[in-house]
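Step one of this worksheet: look at the structure below.
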Amino acid sequence: MALREHPLRQQVVAEMHLRRWPPLRAPGTILQWVRTLSEDQRAEEAAMIAAGATQLVSDNPRHKEGTLADGVSFVWEGHSEGSSLAMFVARGDPACFLGPSGCADLAPLVAWAEAMPGDVIRATRIHLAADEPSALAIVDRVDFDPLEMVSCQVGAGSRLWSDFRLQGDGYGRLVIAANGAEPHDFSRLVKRVQELGNYRNMALIGLPAARAAWPTLNAVEAQLRELGAQVSDPEVTDDVLMAELSELSLDLVSVATAINYRMSATVAYARLVEERLDELDVKPIAGFQSLAEFSRRRFLPAVRTCAALTERERQLSLRAQQLSSLLRVRIETRIENQNARLLGSMERSIGMQLRLQQLVEGLSVVALSYYAISLLHYLLTGIGARWHFDEDLVLAVAVPVTVLAVWGTIHRLKHRLLGIGGDH
């Protein structure tokens, strides 16, 4: 019965196996190109490799190796942001290292590799020497800057030389003496040296982006200070402050969108650089910069600049959020004050309406009482023509009685209409 595998099992297992370089024997030459690629360019690169290789072994989609010509092999590796192509020339002719375009059989292969799609972030030529005397003979022929020379022991006793500068043809140069290292160990050592430089360059891509974003953060910080002062200014309207704060927040989001991936990648690559330095077990040589000193002295400040930018962007975003909270509190306080003033105005209006109503009720009582007394006066006048009695006295007694009766009637009617009391 066949195993029912997880769809990612083969890929996961392949990732756990080392992507080895072939055993390296000195003398020899290595040429390596590291590129960044778009997704569209990956398919074009794969087609060029398949067409250019005379023999191709590919049991891992991220690792291919094979032969390009007699005595020339290659290893291709896929990475998250690009790929690397290493070409191994198994002969010690210094011309293959100093100027491969002058080697008739190697020049077409170099031209093929240089025509690969993508943007080269690192291109290196490495001469592998059997020992230090033969290595120094090559070092003397390379235009290394003596003030920038890096030389040290790596691994169990091998030694390297380089100034890590680009020559006129766009390549860096590196000379490594095996000093008796076993081919497999020497292969791992040289690969780690190259990975150190490759990861270093990939990490440093973030530095120009950090420098470009720094002035924007300066402007944002100045605007935040100004907005902070305006929040306490009652003359500045809430709408103006909200519009400015929204625009500022959009600027911060734009900066974060532009840099976050690159800065995160810089942190990840920097960790790999540190790991490779530890694995190389660098031992300094008097009179030269060591690989560790060169990497840390030039590299760590750049990584710290990127980390400082990320932290500054985070702090400014936090300050913008705090300022937004303060502005919301100001708006809510203003609304509460407006509501309080409105309620006070309504209370005064209701009180005035109540007093006017009481006044109207009083006038109504007086008016109705007056009409009632007038009617009573006409009635008494008619009765008094037949029966003689003191009309004025009767009217005088009737006035308070009439007023009370009218007031009581109006009071009961008001309570009945408003639903007050128990009489419904």
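Sum up the charges of everything whose Cβ sits under 14 Å from the Cβ of residue 237, counting Lys and Arg as +1 and Asp and Glu as -1, but leave residue 237 out. Around residue 237, the charge tally is -3. As a calculated quantity, the FRET efficiency between residue 166 and residue 141 at R0 = 25 Å, using C-beta atoms, amounts to about 0.90. Taking every alpha-carbon pair under 8 Å whose residues sit at least 6 apart, the range 122-277 reaches a relative contact order of 23 percent.
Each 10 Å bin from 0 upward holds the following percent of the Cα-Cα pairs of the range 48-141: 14, 44, 31, 10, 0.
Rounded to the nearest 0.05, what FRET efficiency do residue 3 and residue 218 give with R0 = 56 Å and r taken as the Cβ-Cβ distance? Could you check? Intermediate results must be reported in sequence, preceding the final value.
Working: r = 59 Å, r/R0 = 1.06.
For R0 = 56 Å, the calculated efficiency reads 0.40.
With contributions of -39500 (n - 2.57) from each DSSP H run of at least four residues, the per-residue ellipticity at 222 nm computed over the chain stands at -21500 deg cm²/dmol.
Relative to one another, the C-alpha centroids of the range 248-322 and the range 344-412 are positioned 95 Å apart.
Using a probe of 1.4 Å on the protein chains alone, the accessible area found for residue 397 is around 90 Å².
Please compute the per residue accessible area over the range 289-328 with all protein chains in place, 1.4 Å probe, rounded to a whole number of Å². Write out the running numbers ahead of the final one.
Numbers: 2030 Å² over 40 residues.
Result: 51 Å² of accessible area for each residue.
For the range 200-321, take N as its residue count and report Rg(C-alpha) divided by 2.2 N^0.38 Å.
With N residues counted in the range 200-321, Rg over 2.2 N^0.38 Å equals 1.45.
Would you mind telling me which residue in 408, 172, 206 has the biggest mean-square fluctuation in a Gaussian network model of the chain, where springs connect alpha carbons within a distance under 10 angstrom? Highest fluctuation among the options: 408. Cα-based radius of gyration for the range 326-380, normalised by 2.2 N^0.38 Å, reads 2.33.
Relative to the compact-globule estimate of 2.2 N^0.38 Å, the Cα radius of gyration of the range 269-390 comes out at 3.45. Give, as ranges by residue number, the residues of the range 42-66 whose backbone N falls under 18 Å from the point 7 Å along Cα→Cβ of residue 115. Correct set: 42-55.
Taking all Cα-Cα distances within the chain, those exceeding 28 Å account for 68%.
Roughly how many percent of the accessible protein surface of the chain is carbon and sulfur, given a 1.4 Å probe and a whole-percent answer?
Numbers: 14390 of 24240 Å².
Taking all protein chains in place, the chain shows 59 percent carbon and sulfur surface.
Think of a 1.4 Å ball rolled over the protein heavy atoms: the range 150-232 then has 39 Å² of accessible area per residue. Residues of the range 59-73 with an amide N closer than 15 Å to a point placed 7 Å from the Cα of residue 105 along the Cα-to-Cβ direction: 67-73. The residue 297 and residue 328 beta-carbon pair, evaluated with R₀ = 41 Å, returns a calculated FRET efficiency of approximately 0.30. For residue 185, put the label point 7 Å out on the Cα→Cβ axis and report which residues of the range 130-165 keep their amide N under 11 Å from it. Within reach of a label on residue 185: 155-158.
Using 0.36 nm per residue, how much length does the chain from residue 318 to residue 375 gain when fully extended, once their Cα-Cα distance is taken away? Each step should come with its number before you reach the end.
Working: separation 57, 0.36 × 57 = 20.52 nm, distance 8.37 nm.
Extending this stretch completely gives an extra 12.2 nm.
Using unit Cβ charges (K, R positive; D, E negative) and no other charged atoms, how large, in debye to the nearest 20, is the dipole of the range 270-343 about its Cα centre?
On the way: 14 positive and 10 negative charges, 103 e Å.
I would put it at about 500 debye.
The values are calculated or read from the model by the stated rules, or taken from the named source; none is laboratory data. No experiment lies behind these values; they were computed from the predicted model shown. FYI the Cβ positions are ideal-geometry reconstructions off the backbone, even for glycines, and counts take in every protein chain you see. Areas reflect the complete protein model, heavy atoms only, side chains present, ligands, DNA and RNA absent. Shrake-Rupley method; radii C 1.70, N 1.55, O 1.52, S 1.80 Å.
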